[in-house]
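The values are calculated or read from the model by the stated rules, or taken from the named source; none is laboratory data. Just so we're clear, the structure is a prediction, and the values are computed from it rather than from any experiment. All Cβ positions, glycine included, derive from the backbone under ideal geometry; neighbour counts span all protein chains shown. All accessible areas refer to the heavy atoms of the entire protein, side chains included, with ligands and DNA or RNA removed. Shrake-Rupley method; radii C 1.70, N 1.55, O 1.52, S 1.80 Å.
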Amino acid sequence: MSWSIFMLFLATFISSLEQSVSISAGSQRAILRAISNNQDGEKPDFGVELNATNFDTVLKDTPAPYAIVEFFAHWCPACRNYKPHYEKVARLFNGADASHPGIILMTRVDCALTINSNLCDKFSVKHYPMLLWGPPKKFVGSGWDPKQENSEIRSIENGRTADILLGWINKQLGSSYGFDDGKYENEHLQKNFSDPAQIATAIYDVEEATSTAFGIILDHKMIRSGTRASLIKFLQLLVAHHPSKRCRKGSADILVDFDNLCPSEILSVNNEEADSCSKKGALGNYQICGKEVPRGYWMYCRGSKNDTRGFSCGLWVLLHSLSIRVEDGESNMAFRTTCDFIHNFFICEECRQHFYDMCSSVPNPFKKARDYALWLWRAHNKVNERLKKDEASLGTGDPEFPKVIWPSKQLCPSCYLNPGEKSKENSKIEWNEDEVFKFLVSYYGKELVNLYKEKELQAVGGTEKTVNEELVASTNAVVVPLGAALAIAVASCAFGALACFWRSQQKNRKYKYLHSLKNI
């Protein structure tokens, strides 16, 4: 069997497996983004409208730890009168401009529609409007009975006005949210730095950072003849080792089509840049992590102020998560790829130069993934030390998240050779780097994808547990997702084979391009 036939066979097989998932995910993304992308100039609804076809998918994929589902009927006068109250609360939590995004997903289901009849029966809807509260995952694939004991889904018995409903929410969360809250104010911040489970929510921030970085590259027309190869190598790294399956798939889609989307010949002719390689061109139609990303907010990486943490934090988490997923034979290539990507595409000039200097100071190629992961960890701590001094003198730091040497003793006591003490030489901490590496693998591997993996398993059922754990969370084996990228992974060549495949495609397309020029 030839390589092309083998690729075609696997691509067809994978496509058939994912067709139903793609349909439901597409409808979910359209609904979620409709909150902030209203095209008609009308006042948007902040309560997300669900129906029987997307109910499970939306609630499964939300990063919010809580959900409220309002069951109503569009013909019900009381429901119409209640909608402004529900919307007033929903705008605090839903959408990119919410004051407190990522905490509660507020949704609505119209029981008057025939498509939703069975869904409303499953949740014992006997009156309108009816509000149910609970963890989103508890709504997925199940129902609710008011007589059921020990259910995590609860009825909100009295939420008839916006003030009463918000008061009920504040009582459940121990919060003090108000309708006058501005964005990023009165935030429910995660301050327990010793809790490793916090990193589980960062999978959404890694997706956000990946999408934001790709958007910056397109917005600023940063793909040029001198930077094009650097981006291709970084995409290959993402396809092989990104912790998010949808980002691996999106990166593979871009990579396989890249030579058509952004031909090297055009970049050479058009003064080293081209609209076709920017948001205005076909490349701008690709979403590297799916249509629902970017969401417009951060979770693990959210600062106490609008201008702190966010993208820079998410990018660091991405780089660390990549560093602990590469194999020994890939370590130096991953290092050089990361350094070149930051040097060519990180738009903060001072930060870019500092990172480049740290990369240039490495005398010998990395031979083990452990060495690369530890180098990146040390580099991150050097950056924190430098920024800590600058922020202290200028008062620009985040008071709730000051720059610190990481990990802390509370988070990883075994990482310190002498916990609570400093070595005499240069007053620096003595690290147990074997323990640090174990911590990095656990924190940016297992812990990072905890929540993500849990939602994946819910989607496919317990019988697929082994397969999904390999696709989502493996830190020792190469992880390549869907389409052409997965076919290459099945062929056991991963990173290198993907590059070979892409180059072969590029040569074929270049030949066709040059041949067409001869015929003009």
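Taken along the Cα-to-beta-carbon direction at a fixed 7 Å, the label points for I216 and S360 span 2.1 nm. Computed over the range 56-125, the Cα gyration tensor eigenvalues convert (square root of 5λ each) into semi-axes of 22, 17, 8 Å, ordered from largest to smallest. Over the range 48-173, Cα pairs under 8 Å with separation of 6+ residues give a relative contact order of 33 percent. Looking at the range 48-173, send over the antiparallel percent of its DSSP beta bridges, to the nearest 5. Bridges in the range 48-173 are about 40 percent antiparallel. Annotation note: GluC sites (Glu not before Pro) in the range 77-175 located in DSSP loop regions with a Cβ neighbour count of at most 10 within 10 Å are E149, E157. Please name which of T53, G167, C111 has its Cα lying farthest along the dipole of the range 48-173 towards the positive end, using unit charges on Cβ (Lys, Arg +1; Asp, Glu -1) and the Cα centre as origin. So the residue furthest toward the plus end is G167.
Scattering from the range 123-184 was approximated by placing one identical point on each alpha carbon and applying the Debye formula without solvent; log10 I(q)/I(0) at 0.13, 0.25, 0.28 1/Å stands at -0.44, -1.15, -1.26. Judged by the mean number of other Cβ atoms found within 10 Å, the most tightly packed of the peptides 319-331, 99-111 leads the ranking 99-111, 319-331.
Excluding ligands, DNA and RNA, the accessible surface per residue across the range 324-448 is 55 Å² with a 1.4 Å probe. Of the trypsin sites (Lys or Arg not before Pro) found in the range 191-254, those in coil by DSSP whose Cβ has at most 15 other Cβ atoms within 10 Å are K191. The fraction of Cα-Cα pairs per 5 angstrom bin, counted from 0 for the range 253-402, comes to 2, 8, 13, 16, 17, 17, 15, 10, 3, 1 percent, rounded to whole percents. When the inverse distances between all different Cα atoms of the range 48-173 are averaged and flipped, the Kirkwood radius reads 14.6 angstrom. Distance between the C-alpha centres of the range 76-124 and the range 135-161: 14 Å, rounded to the whole angstrom. For W75 and D307, a Förster radius of 51 Å and the Cβ-Cβ distance give a FRET efficiency of 0.65, rounded to the nearest 0.05.
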